[in-house]
1. With the checklist (1) part of a helix (DSSP H, G or I); (2) modelled with pLDDT under 90; (3) out of contact with any helix residue (DSSP H, G or I) (no Cβ under 9 Å at 6 or more places or on another chain) in hand, flag the one item residue 84 doesn't pass.
2. If residue 68 passes every condition in (1) in a helix (DSSP H, G or I); (2) over 49 Å from the mean Cα position of the chain (by Cα) but one, which one does it miss?
């Protein structure tokens, strides 16, 4: 972390021995180690607090996304996804075909209503003429020499 090697630690130890003295050195080391422990504890607590805040922020984001999805109009989303430009609805518009069918049906109903009041007339032109044809078995067979 601080990139301190054994040579640097040895120099610090010798200086501490010279400055503090051999009699007060153990008590001084205990005091310094207490401060180091407190500093490490505060750093750990700070890191845990930062992690907790990050988790809360992520949870808030997830909660907001879930609420947005819950309030979403699914049918509208499906329309937007399947036809983003709105051309599909126009391409599949069958109103002109339906109106043509309705007009034809109305015209047919009007013709039937007119014909109901009149007696049906049978003329020669109305009845189809069927000519009698000979059955296939009575026709002579043609053989091809090969």
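The values are calculated or read from the model by the stated rules, or taken from the named source; none is laboratory data. These figures come from a predicted structure and were not determined experimentally. Cβ: placed from backbone, ideal geometry, glycine included. Neighbour counts: every protein chain shown.
1. Condition not satisfied by residue 84: (1).
2. Just one mismatch for residue 68, condition (2).
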